[in-house]
Amino acid sequence: MYKNKLEEILQKEFPHRDIIKLKDLTSKIAGISKVRYGNNCTNSNYDEISLNYVDEDGYIYINEKESPPANETALKNQELHQGDLIILHRGKIGKMGIIGADYKRRVVGNNSMIRIQFNDNRRNNTPFFVMQYLQLSYVKDYINNYIPSSGSIKRKILNPTVLEMLPIPIFKENEFNFKRFIIQKKQLKINIILMKNKLDSLLEKQDLLNERNFNQAINNTEISLDIIDKDAEKLDKIRLLNNQISELLNNY
């Protein structure tokens, strides 16, 4: 039922696109295995990623620290590469990030993650397309309804097979710069949040200033006109800013 519903949504939202499976855009989707096991743990020259460290562009960065000795064969098998998309498999689908290019040491994940790998000719734009697609509300609903559960949301485990068979619109690597699209959208959101925080701070300052100006005007009526003039100047600037924001909203 959920599968048919998702495919209906996709056909409506993307009427000019063929609907394929996620496995058709990837080279492999699998859980990440442990690298520290057995008696042959001698190599500490690696970093283990955490999805707590994802930058504003969607890349995973390293919180450098000393790594426990690991099995060399496991490190070779589990080493992550540029463009790999990493997802937590516990609980409802949520945190995810993309492996970047500029790490000092080889990088591995832990066994709470799923790794989505792409062919070499799909490591630039396709990971960003898939990451954004997996965060669409109706896609998350579909996946969460298919995740096996042990009676608790926290015990839900995302199966790689669910991702492999996930319906998705076909996407050609070089037809659209999706990487740039996603990065700019994220940066725009960050700037809007920063602007909102500054406006909230300005509002708090204005409340305090109102009290101070009231006291000044009562204690010294000669400066009241100066206060009014300064407030009028601030009001003109705020009106101009308001007009600019209104114009921006109208262009969305």
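Brief remarks on what is shown
- Footprinting exposure proxy for T42, T73 (fewest neighbouring C-beta atoms within 10 Å first): T42, T73
- For the stretch 66-113 versus the stretch 1-63, the gap between their alpha-carbon centres in whole angstrom: 10
- Ranking of H16, H81, H89 by count of other Cβ atoms within 10 Å, fewest first: H16, H81, H89
- GNM result for the chain, Cα springs below 10 Å: residue of N77, N39, N121 fluctuating most strongly: N39
- The HN-Hα couplings worked out from phi for the stretch 11-21 by the Karplus form 6.51 cos²θ - 1.76 cosθ + 1.60 (θ = phi - 60°) are 5, 6, 6, 10, x, 9, 10, 6, 9, 10, 9 Hz, whole numbers, x standing for Gly and Pro.
- Residues F129, F214, sorted so that the one with the fewest Cβ neighbours within 10 Å comes first: F214, F129
- Between the amide H of D84 and those of I99, distances stay under 5 Å, these residues lying 5 or more places away or on another chain, with hydrogens modeled in the peptide plane.
- Cα-Cα over 25 Å, subset of K76/K104; K186/K237; K185/K205; K140/K198: K186/K237; K185/K205; K140/K198
- Whole-Hz ³J(HN,Hα) from phi, Karplus 6.51 cos²θ - 1.76 cosθ + 1.60, for the stretch 60-70, glycine and proline x: 8, 10, 9, 9, 4, 7, 5, 9, x, x, 10
- Rounded to the nearest 0.05, the FRET efficiency derived from the C-beta distance between Q184 and L241 at R0 = 25 Å is 0.65.
- Options N174, P160, N191, ranked by Cα towards positive dipole end of the stretch 154-202, top entry (Cβ charges): N191
- Simple label model, 7 Å out from Cα along Cβ direction - Y59 to Q135, nm: 1.7
- Build a GNM of the chain with springs between Cα atoms under 10 Å apart, and of I86, I228, I143 the one that fluctuates most is I228.
- Highest-MSF residue in the chain out of L188, L134, L241 [GNM, Cα springs under 10 Å]: L241
- Histogrammed with a bin width of 5 Å, the alpha carbon distances of the chain distribute as 1, 5, 10, 13, 13, 12, 10, 8, 6, 6, 5, 4, 4, 3, 1, 0, 0, 0 percent, first bin at zero.
- Computed [θ] at 222 nm, deg cm²/dmol, the chain (DSSP H ≥ 4; -39,500 (n - 2.57); rounded to nearest 500): -14500 deg cm²/dmol
- The stretch 95-107 - phi-based ³J(HN,Hα) in whole Hz, Karplus 6.51/-1.76/1.60, Gly and Pro as x: 5, 7, x, 10, 6, x, 10, 10, 9, 6, 10, 5, 10
Since every read-out is calculated from the coordinates, none of them should be taken as a lab result. Computed from a predicted structure; not experimentally measured. Glycine also receives a Cβ, built like all others from the backbone with ideal geometry; neighbour counts cover every protein chain displayed.
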